Amino acid sequence: MGLGRFAAFERMNMAGITYVDTFFVRADRVWDESLYFHELVHVIQWRILGPESFLRLYADGLKRYGYRECPLEVMAFDLQARFGAHETVFEVAAELERRLPR
């Protein structure tokens, strides 16, 4: 596999990335609690779906729709916006259980 396959990934300019139950954020976003919330949504997605399904759905979403419109990202951005709006308390895991495919 050539490095060219990763060029699109590198251009995504993400502020953070999650792998199973661990996430990393760029140094310039270390104080961004909204970003931490977004990445924690991905941790819950990984837990609910399992690694194989999460990776399959994420890769398919990236291929079909691009990063911002990838369905797993749409969920994370939507819930992040609710968090940022200081909406009344909501159960993130229950919301994801309802939205994620089975």
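Observations on the model:
- Only one entry in Arg68, Arg82 is part of a helix (DSSP H, G or I), over 20 Å from Asp21 (Cα atoms) and out of contact with any strand residue (DSSP E or B) (no Cβ under 9 Å at 6 or more places or on another chain), namely Arg82.
- Qualifying residue in region 68-79 (condition: in contact with a Phe, Trp or Tyr (Cβ under 8 Å, 6 or more places away or on another chain), surrounded by 15 or more Cβ atoms within 10 Å (Cβ to Cβ) and more than 15 Å from Met14 (Cβ to Cβ)): yes
- Within region 10-39, the set of residues being farther than 22 Å from Glu91 by Cβ and charged (D, E, K, R) comprises Glu10, Arg11, Arg26, Asp28, Arg29, Asp32.
- Test for Phe54: is it at pLDDT 95 or above and in contact with a helix residue (DSSP H, G or I) (Cβ under 6 Å, 6 or more places away or on another chain): yes
- Considered as a group, the residues in region 1-27 that are of a type outside the set (A, V, I, L, M) and in a helix (DSSP H, G or I) include one that is modelled with the highest pLDDT, and that residue is Arg11.
- Considering only residues in region 28-42 that are assigned to a helix (DSSP H, G or I) and out of contact with any strand residue (DSSP E or B) (no Cβ under 8 Å at 6 or more places or on another chain), the one that is surrounded by the most Cβ atoms within 10 Å (Cβ to Cβ) turns out to be Val41.
- Subset of region 29-42 [of a type outside the set (Phe, Trp, Tyr) and without any contact (Cβ under 8 Å) to a residue 12 or more places away in the chain]: Val30, Glu33
The values are calculated or read from the model by the stated rules, or taken from the named source; none is laboratory data. All values reported here derive from a predicted model rather than from experimental measurement. Cβ coordinates were reconstructed from backbone atoms using ideal geometry, including for glycine residues, and neighbour counts include every protein chain displayed.
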